[in-house]
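Input: a single structure, listed below in structure tokens.
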Amino acid sequence: MRQSKLFTKTRREAPKDEVAKNAQLLIRAGFIHKEMAGVYAYLPLGLRVLENIKKIVREEMNKIGGQEMIMTSLQRKELWEQTDRWDDEKVDVWFKSSLKSGAEVGFGWSHEEPITDMMKNYISSYRDLPVFAYQFQTKLRNELRAKSGIMRGREFVMKDMYSYTTDEAAHKAIYDATTAAYLRIFERTGLGDRTFLTFASGGAFTQFSHEFQTLSDVGEDVIYLDRSKKIAVNKEVLTDEVLAQLDLKREDLEEISAIEVGNIFSFGGTKSEQLGLLFKDEKGETRPVTLGSYGIGITRLMGTIVEVLSDDKGIVWPAEVAPYPVHLISIHNGNADVIAEADRLYELLLEHNIEVLYDDRDARAGEKFADADLIGIPKRMIVSEKTMSSASVEIVERASGTTAMIPESGIMEHLKK
């Protein structure tokens, strides 16, 4: 992409009504556009980041046997009434509307009910199990507090996976596999060293659910972390009994704020019993299918990366997440030879299948460098009269600020490392 053709522009100031750092930086850098509180459009650069995050998540879900699909956003009232989750007193985040026929519908905030109901068409025997189905979908939640940028939106993209197994032993196997997959996802998205498996309330179905919490001063959750064991306990379940059960000592725990970036949850057979998802086991006996639910907020993860990895100059994208791996910058000051050399390098990168954002604009060097810092692409490749005189290019690492003059013959090898 030539930056001169990119319709979005950087801006020096964020909207005055935007208080979250992640949204301020993403708006200023041209990744998102604020439509209203808690609702954002994802512009070309932002969409590339979202797709890169989805690619990582998709790869890890497929590795453990997940099958991707997509369900509807419109939800049947009677289905959710069967599980007592339609009433606003029980679930307070519904957006609801009416069809022209007068029937009331909801807009999906989660999908346990419809996917479990759908599975009645495909699961009847133990031979049909296990099934692991997931989707990436826009969810709608009527959040009262939408003040954390894209980390808590009224409209957001989520990966939700649902596992259907014969019993608790089979369920535990996929539950543990998903836990490991989630930790790999957070490692690949640059948050691995600050994201911890956290024990939280299991609600009415199990004693515990598990969250994945990323340490951050702006986090809405309080967790108690044992760094040596790399596990944490959410404040809501911190009791002496729980600590004993998890073999944790209160004096080893650090109280810290964190952002929930993922969760995994066991429903046992309860949801299946409510909705009539039953199967015949090897003895011919009818039993409810065991259900697990596994979520990662894709847009929330994007916001969290910006929130915790940015610096005073702008965004710092991890390599696998960045909209482009390379930001080529031409400092030409009207010099036709520099322009021609930068154009040639741009084409060379594309020939080697290296995607690049090419700042070919007629702008001052200071403006280009400030924009590059704000946008946060991992590697900056600079072409100027100075680099041409030494038959090299200057490569700057966004995260560390380190600079190297690389001979033209070594550019591709350097980038592919």
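None of the figures in this text is laboratory data; all of them are computed from the coordinates on show. Predicted, not measured: the structure shown is a model, and the values here were computed from it. Because the Cβ atoms are built from the backbone with ideal geometry, glycine has one as well, and the counts that use them run over all protein chains shown.
Of the GluC sites (Glu not before Pro) found in segment 255-327, the ones in coil according to DSSP and having at most 10 other Cβ atoms within 10 Å of their Cβ are Glu282, Glu285. How would you classify segment 89-195 from its alpha-carbon gyration tensor, with a ≥ b ≥ c the square roots of the eigenvalues: rounded for a/c under 1.5, else prolate if a/b is greater than b/c, otherwise oblate? The shape class here is oblate. Each label point was placed 7 Å from the Cα along the Cα-to-Cβ direction; for Gln274 and Asp176 their separation is 2.9 nm. The residues Leu357, Leu278, Leu74, Leu225, when put in order of fewest to most other Cβ atoms within 10 Å, stand as Leu74, Leu278, Leu225, Leu357. Taking amide H atoms as placed 1.01 Å from N in the peptide plane, the amide H of Val105 lies under 5 Å from those of Ser97, Ser98, Leu99, each 5 or more residues away in sequence or on another chain. Estimated purely from DSSP H runs of n ≥ 4, each contributing -39500 (n - 2.57), the mean residue ellipticity at 222 nm for the chain is -9000 deg cm²/dmol once divided by its residues. Put simply, the amide H of Ala20, placed in the peptide plane, has neighbours under 5 Å in Gly149, leaving out anything fewer than 5 places away on its chain.
Answer rounded, prolate or oblate for segment 3-309, using the Cα gyration tensor with square roots of eigenvalues a ≥ b ≥ c: rounded when a/c is under 1.5, else prolate when a/b is larger than b/c, else oblate. Oblate, because a/c is 1.5 or more while a/b does not exceed b/c. Distance between the pseudo-spin-label points of His33 and Lys147 (7 Å out from Cα toward the beta carbon): 2.7 nm.
The stretch between Arg194 and Asn353 holds 54.0 nm of extra length on full extension. This uses 0.36 nm per residue minus the Cα-Cα distance. A Gaussian network model of the chain, with springs between Cα atoms under 10 Å, assigns the largest mean-square fluctuation among Arg361, Arg188, Arg300 to Arg361. Determine the shape class of segment 326-416: with a ≥ b ≥ c the square roots of the Cα gyration tensor eigenvalues, call it rounded for a/c under 1.5, and otherwise prolate if a/b is greater than b/c, oblate otherwise. Cα axes put segment 326-416 in the rounded bin. Rounded to the nearest 20, the size of the Cβ-charge dipole of the chain about its Cα centre is 820 debye, with Lys and Arg at +1 and Asp and Glu at -1.
Under 5 Å between amide hydrogens, built in the peptide plane, is the criterion, and for Glu68 it picks out Tyr134 among residues at least 5 positions away or on other chains.
When the pairs Lys172/Lys271; Lys34/Lys139; Lys55/Lys100; Lys63/Lys172; Lys139/Lys280; Lys34/Lys55 are compared against a 28 Å limit on Cα-Cα distance, Lys55/Lys100; Lys139/Lys280 fall above it. Remark: segment 326-416 carries a charge dipole of roughly 280 debye about the Cα centre, counting +1 on each Lys and Arg Cβ and -1 on each Asp and Glu Cβ.
Sequence-ordered 3J(HN,Hα) estimates for segment 399-414 from the Karplus curve with 6.51, -1.76 and 1.60 and θ = phi - 60° stand at 5, 9, x, 5, 10, 9, 8, 10, x, 4, 5, x, 4, 5, 4, 4 Hz, glycine and proline given as x. On the beta carbon distance between Asp247 and Arg344, with R0 = 60 Å, the FRET formula returns roughly 0.45. Ordering Ser266, Ser392 from the fewest to the most neighbouring beta carbons within 10 Å gives Ser392, Ser266.
Available extension along the chain between Glu397 and Arg361 is 10.8 nm, counting 0.36 nm per residue and deducting the alpha carbon span. Taking chymotrypsin sites (Phe, Trp or Tyr not before Pro) as exposed when DSSP calls them loop and at most 13 other C-beta atoms lie within 10 angstrom, the chain has its longest site-free stretch at 123-417.
Applying the Karplus relation 6.51 cos²θ - 1.76 cosθ + 1.60 with θ = phi - 60° to segment 133-144 yields 3J(HN,Hα) values of 10, 9, 8, 10, 8, 6, 9, 10, 9, 7, 5, 6 Hz, where x marks Gly and Pro.
Rounded to the nearest whole Hz, the Karplus-based 3J(HN,Hα) values (6.51 cos²θ - 1.76 cosθ + 1.60, θ = phi - 60°) of segment 33-44 follow the sequence 10, 7, 8, 6, 4, x, 9, 9, 8, 9, 7, x, with x at glycine and proline.
Neighbour counts of other Cβ atoms within 10 Å put Leu348, Leu291 in the fewest-to-most order Leu348, Leu291.
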